[in-house]
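S.K.: Provided herewith is a single structure, encoded as structure tokens, for subsequent inquiry.
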Amino acid sequence: MPKWNVKRWGLLVLLPVLLSACGSLPGSAPTSFYILKPQSAATLKEEAGTLSVDPAISVGIGPVQVPAYADRAQIVTFDDGAHVTVSDFDHWAEPLSASVARIVSNNMAHLIGEARVFPYPADFRPDAEALQISLEILDITRRENKIAHLAARWHVKNLKENRVILRQSGDYVAESASNDYNSYADSLSRLLGRLSVDMARSLQQIKPAGSSS
């Protein structure tokens, strides 16, 4: 009969034990995914009041920049001071910059008209009255005491002339209903609605070339 090495026998005896132990280990926590949502047309129009954007104007939204600390799948929140929490099991369902661009574009379409809003860069040649709004998110997080915070600045450019017409900024806060991430996503969605209203209001200052003052 062949002689078996003692170490080999030990491995054969140990293998079923290891497999049994692995099978009994509890599964890892499932990852939850969250998405930002545009505000309803009624909510946005109530917030904006009367808007008088020149009907000749169309607007390309983008590019959108978000802070590097938030540019990840995991949801990032701040505690007291400079401490940051990165959640391994709570993720955004899409890249945050893409999400912000989608939400703002949808909100702007509700505010000034679907046909007047397009993504930028565009896959067509914009007309002479087309504008571009570049958006930079300076801060987007939840801080202590359930406070969601959004800070942003944007500039409006005439696409044909490649000329910046105006620069503006806004700072927004809202208290979430609770400390869970679903409430946080809802708060950020509302803050992006307020940002969109301010962006639409800023367009009221712009008169297309050739129009009377």
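The values are calculated or read from the model by the stated rules, or taken from the named source; none is laboratory data. Since the structure is predicted, the reported quantities are computational estimates derived from the model, not experimental observations. We place every Cβ from the backbone using ideal geometry, glycine too, and count neighbours over all the protein chains shown.
S.K.: I'd like to know if segment 30-40 contains one or more residues that are under 30 Å from Glu129 (Cβ atoms) and either of a type in the set (Gly, Ala, Ser) or at pLDDT below 80 (or both).
M.R.: Yes, because at least one residue in segment 30-40 is under 30 Å from Glu129 (Cβ atoms) and either of a type in the set (Gly, Ala, Ser) or at pLDDT below 80 (or both).
S.K.: Another question, then. Taking the residues in segment 49-69 that are under 21 Å from the mean Cα position of the chain (by Cα) and surrounded by 18 or more Cβ atoms within 10 Å (Cβ to Cβ) as candidates, determine which candidate is farthest from Asp123 (Cα to Cα). Steps first, answer last, please.
M.R.: The initial filter retains those residues of segment 49-69 that are under 21 Å from the mean Cα position of the chain (by Cα), namely 59-69.
Adding the requirement that they be surrounded by 18 or more Cβ atoms within 10 Å (Cβ to Cβ) leaves 59-62, 64, 66.
Numbers: Val59: 14, Gly60: 11, Ile61: 13, Gly62: 13, Val64: 17, Val66: 23 Å.
So the residue we want is Val66.
S.K.: Would you check if there is a residue in segment 153-160 being in contact (Cβ under 8 Å) with a residue 40 or more places away in the chain, in a strand (DSSP E or B) and aromatic (Phe, Trp, Tyr)?
M.R.: Yes; the residues of segment 153-160 include at least one that is in contact (Cβ under 8 Å) with a residue 40 or more places away in the chain, in a strand (DSSP E or B) and aromatic (Phe, Trp, Tyr).
S.K.: If you go through segment 160-177, how many residues are within 21 Å of Gly60 (Cα to Cα) and modelled with pLDDT of 90 or more?
M.R.: 8
S.K.: Follow-up question, since we're still on this one. Looking at Ala115, Ala29, which is the one that is in contact with a strand residue (DSSP E or B) (Cβ under 9 Å, 6 or more places away or on another chain) and in a loop (DSSP other than H, G, I, E, B)?
M.R.: Ala29
S.K.: Among the residues of segment 70-119, how many are in contact (Cβ under 8 Å) with a residue 60 or more places away in the chain and either loosely packed, with under 14 Cβ neighbours inside 10 Å or at positive phi (or both)?
M.R.: Of the residues in that region, 4 qualify.
S.K.: Only residues that are over 30 Å from Thr77 (Cβ atoms), among the small types (Gly, Ala, Ser) and part of a strand (DSSP E or B): list them for segment 124-152, please.
M.R.: Listed by number, the list holds a single entry, Ala130.
S.K.: With surrounded by fewer than 20 Cβ atoms within 10 Å (Cβ to Cβ) and modelled with pLDDT of 95 or more as the only criterion, which of Ala122, Ala151 stands out?
M.R.: Numbers: Ala122 fails: modelled with pLDDT of 95 or more.
On inspection, the qualifying residue turns out to be Ala151.
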